[in-house]
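Undergrad: Mind having a look at this structure? Questions to follow.
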């Protein structure tokens, strides 16, 4: 067996073990590129090992540089989780911050549930193999759940709360906030720049077009897009 095939086979075996499913590397990727990627992931693994010693974390755990971790005792990460450069993970919440096996958080994303100390947030929970693109904001004040195998493009925005503003004689900031849980089902795909507002439930297997603002519940298995987001068709429709 050539050196190229040996390295490729080794990396495929490691990736398959981490992901829990067979993983094949494209033959178009050159050996020197594979070595560069392997070195980078190795450094992430070492960084994750040392910083993960202060967390509830499965192994392996991958971290890039400049990660912000707050409320560490409330953060629980599964095995094979990857946190990319500049992400902020804030664990302080009733149910903490839980990220399932094989999931990833994109660069410069912010996951936060509690913004003020007079009312603690509910928390954020990812299932297994959830992929969040870079520059996402997920606010878990009212509670956010994202199901297994859901993938999300960059600049996602989820807000699980809503400011009260009915009394025009009182400053909005002094009228309080309503907690409104957000649920995203399994096996969904949310495109880039999608916004999901408080109280929304997105059914399993949905596809949400880029730039959409989801203001109402969506049933399972639909394609939806727009501002506000509307159903275009079912995924099984011809």
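The values are calculated or read from the model by the stated rules, or taken from the named source; none is laboratory data. All values reported here derive from a predicted model rather than from experimental measurement. Please note: Cβ atoms are built from the backbone with ideal geometry, for glycine as well, and neighbour counts cover all protein chains shown.
Undergrad: Looking only at the range 210-222, which residues are within 17 Å of residue 237 (Cα to Cα) and assigned to a loop (DSSP other than H, G, I, E, B)?
TA: 219, 220, 221
Undergrad: May I ask you to list pairs of residues, at least six apart or on different chains, whose Cβ atoms are under 7 Å apart, with the first in the range 214-235 being more than 16 Å from residue 156 (Cβ to Cβ) and the second being in a loop (DSSP other than H, G, I, E, B) and modelled with pLDDT under 95?
TA: Filtered contacts from the range 214-235: 221/235; 221/236; 222/235; 223/235.
Undergrad: Could I ask something else about it? Looking only at the range 108-122, decide whether some residue is touching a residue at least 40 places away in the same chain (Cβ under 8 Å) and surrounded by fewer than 20 Cβ atoms within 10 Å (Cβ to Cβ).
TA: There is at least one residue in the range 108-122 that is touching a residue at least 40 places away in the same chain (Cβ under 8 Å) and surrounded by fewer than 20 Cβ atoms within 10 Å (Cβ to Cβ).
Here's the yes/no breakdown for (1) over 30 Å from residue 42 (Cβ atoms); (2) touching a strand residue (DSSP E or B) at 6+ places or on another chain (Cβ under 7 Å); (3) part of a strand (DSSP E or B):
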residue	(1), (2), (3)
89	no, yes, yes
118	yes, no, no
121	yes, no, no
135	no, no, no
149	no, no, no
155	no, no, no
162	yes, yes, yes
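Undergrad: Then there's this: Say whether the condition of being out of contact with any strand residue (DSSP E or B) (no Cβ under 6 Å at 6 or more places or on another chain), surrounded by fewer than 17 Cβ atoms within 10 Å (Cβ to Cβ) and touching a residue at least 40 places away in the same chain (Cβ under 8 Å) is met by at least one residue in the range 45-54.
TA: Among the residues of the range 45-54, not one is out of contact with any strand residue (DSSP E or B) (no Cβ under 6 Å at 6 or more places or on another chain), surrounded by fewer than 17 Cβ atoms within 10 Å (Cβ to Cβ) and touching a residue at least 40 places away in the same chain (Cβ under 8 Å), which makes the answer no.
Undergrad: Looking for something part of a loop (DSSP other than H, G, I, E, B) and farther than 29 Å from residue 115 by Cβ - is there at least one such residue anywhere in the range 182-193?
TA: Scanning the range 182-193, I find at least one residue that is part of a loop (DSSP other than H, G, I, E, B) and farther than 29 Å from residue 115 by Cβ, so the answer is yes.
Undergrad: Sticking with this structure for a sec: Of all residues in the range 194-209, count the ones that are in a strand (DSSP E or B) and either closer than 25 Å to residue 94 by Cβ or free of Cβ contacts under 8 Å to residues at least 12 places away in the same chain (or both).
TA: Number satisfying all stated conditions: 4.
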